[in-house]
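Engineer: Can you keep this structure in mind? I'll have questions shortly.
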Amino acid sequence: MHDHDLTPGSGPVLVTGGSGYLGSHVVDALLRAGHRVRTTVRSLDRADDVRATAARAGADPGERLDVVQADLASDEGWAEAVKARGVALPGPSAPHRGRGRRPGPGRRTARAAGGA
């Protein structure tokens with residue numbers, strides 16, 4: 001068990017899928033509460049959309065929002081993404097494609113953090 005300080009200003013909180021419906025609401029709530037947020041998107045082309053959505057919701061992202069590229073279909077990007085104090089895992093928005101089990105955000109973040 002890790003002892004994480006989740007008070008605003010203590011470091012970024014990771015939110016997976018910041019461009020998705022649930023993820024964007026979690027990002028907005030954390031920003032409004034004064035937290036610094038790091039969120040994942042499948043493509044950095046969505047970074048401006050994530051910032052604009054937060055601004056429209058009344059959460060001024062300013063310098064408190066970091067957007068990193070990390071896709072559930074790949075381990076790439078997750079090591080950088082998990083450099084945060086806490087993790088919010090709203091869930092994947094993409095449907096599973098193909099056979100076999102695709103690791104969800106919990107498995108990707110735990111693996112990248114060295115916990116699995």
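The values are calculated or read from the model by the stated rules, or taken from the named source; none is laboratory data. If you're wondering where the values come from, they're calculated on a predicted model, not measured in any experiment. We place every Cβ from the backbone using ideal geometry, glycine too, and count neighbours over all the protein chains shown.
Engineer: Consider Arg38 against the criteria (1) surrounded by fewer than 19 Cβ atoms within 10 Å (Cβ to Cβ); (2) modelled with pLDDT of 85 or more: it satisfies all of them except one. Which criterion is unmet?
Structural biologist: (1)
Engineer: Here's something else I'd like to know. For the stretch 5-14, state whether one or more residues are modelled with pLDDT under 90 and in contact with a Leu (Cβ under 8 Å, 6 or more places away or on another chain).
Structural biologist: Our first condition is that a residue be modelled with pLDDT under 90; within the stretch 5-14, this holds for 5-14.
Okay, now just the ones that are also in contact with a Leu (Cβ under 8 Å, 6 or more places away or on another chain), so 13.
Yes: the stretch 5-14 contains one or more residues that are modelled with pLDDT under 90 and in contact with a Leu (Cβ under 8 Å, 6 or more places away or on another chain).
Engineer: Here's a follow-up. Residue by residue through the stretch 9-19, note down the ones that are hydrophobic (A, V, I, L, M, F, W, C) and either part of a helix (DSSP H, G or I) or surrounded by fewer than 24 Cβ atoms within 10 Å (Cβ to Cβ) (or both). Give the derivation first.
Structural biologist: So the first thing to find is which residues in the stretch 9-19 are hydrophobic (A, V, I, L, M, F, W, C), and the list is 13-15.
Val13 - this is the single residue of the stretch 9-19 that is hydrophobic (A, V, I, L, M, F, W, C) and either part of a helix (DSSP H, G or I) or surrounded by fewer than 24 Cβ atoms within 10 Å (Cβ to Cβ) (or both).
Engineer: Something else now. Does at least one position in the stretch 71-84 carry a residue that is modelled with pLDDT of 90 or more and hydrophobic (A, V, I, L, M, F, W, C)?
Structural biologist: Residues of the stretch 71-84 modelled with pLDDT of 90 or more: none.
Among the residues of the stretch 71-84, not one is modelled with pLDDT of 90 or more and hydrophobic (A, V, I, L, M, F, W, C), which makes the answer no.
Engineer: Only one of these conditions is not met by Glu76: (1) surrounded by fewer than 13 Cβ atoms within 10 Å (Cβ to Cβ); (2) assigned to a helix (DSSP H, G or I). Which number is it?
Structural biologist: (2)
Engineer: I'd like the full set of residues that are part of a loop (DSSP other than H, G, I, E, B) and within 18 Å of Glu80 (Cα to Cα), limited to the stretch 20-51.
Structural biologist: Result: Arg42, Ser43.
Engineer: Six or more apart or on different chains, Cβ atoms under 6 Å: show the pairs whose first residue is in the stretch 43-60 and within 16 Å of Tyr21 (Cβ to Cβ) and whose second is modelled with pLDDT under 95 and of a type in the set (Asp, Glu).
Structural biologist: From residues that are within 16 Å of Tyr21 (Cβ to Cβ), the pairs are Ala54/Asp28; Ala57/Asp28; Ala59/Asp28.
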